[in-house]
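Below: the structure, in structure tokens.
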Amino acid sequence: MKFCRIFVISAAILVAQITTLAHADRVKDLAEVAGVRDNQLIGYGLVVGLNGTGDGEMSFTSQSMTSMLARFGVNLSDTLSNYDGSTSRNTLKLTNVAAVMITANLPAFTKPGQRIDVTVSTVGASTSLRGGSLIMSRLLGVDGKVYALAQGALAVNGVSAAGAGTTAVVNVPTVGRIPSGATVEKMVETPFSTSEYIVLNLKNSDFTTNRRLANSINDTFGPGTATALDAVSTRILAPAEINQRVTFLSMIENLEVEPASPPARVVVNSRTGTVVISRNVKVDAAAVTHGGITVTVKTNNDVSQPNALANGETVEVANAEVNIDEEANNMFLFTPGIELQDIVDAVNAVGATPSALVSILQALKQSGSLRADLIVI
């Protein structure tokens, strides 16, 4: 009874708390409910009605078609009897049929009878699924049980064309989708309605953010309602009635919590020269110089022509000219505790290119002056 009274009174407190936090994020943007997630489904099937772009004489496609037709009373023997009494394997030439793998995501709380999208991909020699239709196929979960049935016409964005020895392909014609192409037959059970507690998991692990989340819930609904378990999970005492539990979680999702500042980190993409620096990056005292030396060597080939009366010999003479140019960039100084804006201003002042900035950051990290994690991707 005490928890129920706190639950009713907290509605007014919730509205007041949301209006007081200006630079906070909603709980639903920071955390997810444990056990409430999508589930992957997979299946195998046949796409028919292709315009000559099927698998052809693929053995597993032939076996699948033979097995499917047998269910409808069409008996195709696996072997054929030849005139000489020998037998040979019956391989169908299925140019209009393709064997495919089917994948789908089953969202949490999806009920039987609802429909989900499916993706169909070739596994054989088929070159295009355009114009094909998927025959009814079972979609299985990781436990091997059937959770949905898929069937329908494919929507394929890719196009391929060939002629005179030249082939042109736009996008991927061997993958297609069927919007709302599967009907859910079985619901995935979740602990949301049966467990005593609701557990929220932060999307980004952080002890400070998780502590603030638990404190915000306790300030709104009363002490002892939420307990921070680690840097990710917060355990929340939930009402027993399912309708109250839904309302309770809805109120928690709209609570606003100020997340902790992310760790100091510098991310460098060595291929594109992109550098991302978080706001908490600081540098200890260091002196950095940026510049380059350009050495230019020019060679002029001349011909030495002696006087004809001196019985001299004509020879080639190579004259080399060497020039050394050095950029006139000065050294700049990082004082202790310098922050992100100062780093950017100093690097821009010397006209450093992205590759030069990467070199400067790596040198600062090696010298121990960069107080941040340097991540190169």
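The values are calculated or read from the model by the stated rules, or taken from the named source; none is laboratory data. Predicted model, so just to flag it, every value in this text is computed and none were measured. Positions of Cβ are generated from backbone atoms using ideal geometry, with glycine treated the same way; all protein chains shown enter the neighbour counts.
Is it the case that some residue within segment 259-280 is surrounded by 15 or more Cβ atoms within 10 Å (Cβ to Cβ), out of contact with any Ser or Thr (no Cβ under 6 Å at 6 or more places or on another chain), in contact (Cβ under 8 Å) with a residue 40 or more places away in the chain and of a type in the set (D, E, K, R)? The answer is no, given that none of the residues of segment 259-280 is surrounded by 15 or more Cβ atoms within 10 Å (Cβ to Cβ), out of contact with any Ser or Thr (no Cβ under 6 Å at 6 or more places or on another chain), in contact (Cβ under 8 Å) with a residue 40 or more places away in the chain and of a type in the set (D, E, K, R).
For segment 234-260, the set of residues classified as closer than 14 Å to ILE217 by Cα and among the charged types (D, E, K, R) consists of ARG235, GLU253, GLU256, GLU258, listed by residue number. Can THR227 be described as more than 30 Å from VAL118 (Cβ to Cβ) and surrounded by 18 or more Cβ atoms within 10 Å (Cβ to Cβ)? Against the criterion (more than 30 Å from VAL118 (Cβ to Cβ) and surrounded by 18 or more Cβ atoms within 10 Å (Cβ to Cβ)), THR227 does not qualify. Look at segment 116-145: where a residue is assigned by TED's automatic domain parsing to the domain that holds ALA99 and more than 14 Å from ASP55 (Cβ to Cβ) and a partner is assigned to a strand (DSSP E or B) and among the aromatic types (Phe, Trp, Tyr), sitting 6+ places away or on another chain with Cβ atoms under 8 Å, you get SER137/TYR44; LEU139/TYR147; LEU140/TYR147; GLY141/TYR147.
Per-residue answers, yes or no, for (1) of a type in the set (Phe, Trp, Tyr); (2) surrounded by fewer than 18 Cβ atoms within 10 Å (Cβ to Cβ); (3) more than 18 Å from VAL36 (Cβ to Cβ); (4) at pLDDT 90 or above:
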position: GLY163; (1), (2), (3), (4): no, yes, yes, no
position: VAL172; (1), (2), (3), (4): no, yes, yes, no
position: SER180; (1), (2), (3), (4): no, yes, yes, yes
position: PRO191; (1), (2), (3), (4): no, yes, no, no
position: THR208; (1), (2), (3), (4): no, yes, yes, yes
position: ARG211; (1), (2), (3), (4): no, yes, yes, yes
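Considering segment 205-244, the residues that are closer than 17 Å to SER261 by Cα and among the polar types (S, T, N, Q) include one that is farthest from the chain's Cα centre (by Cα), namely THR208. Once segment 176-206 is narrowed to residues that are among the hydrophobic types (A, V, I, L, M, F, W, C) and in a loop (DSSP other than H, G, I, E, B), the residue that is nearest to PRO239 (Cα to Cα) is PHE192. Where strands (runs of 3 or more DSSP E) fall entirely within segment 207-276, those with at least 1 residues that are under 21 Å from PHE192 (Cβ atoms), basic (Lys, Arg) and touching a strand residue (DSSP E or B) at 6+ places or on another chain (Cβ under 7 Å) are at 233-237. Within segment 46-86, the residues that satisfy the criterion of being touching a helix residue (DSSP H, G or I) at 6+ places or on another chain (Cβ under 8 Å) and at pLDDT 85 or above are LEU46, GLY54, ASP55. Just the residues that are over 21 Å from MET58 (Cβ atoms), among the β-branched types (Val, Ile, Thr) and in a strand (DSSP E or B), please, taken from segment 120-157. Hit for segment 120-157 is VAL146, nothing else.
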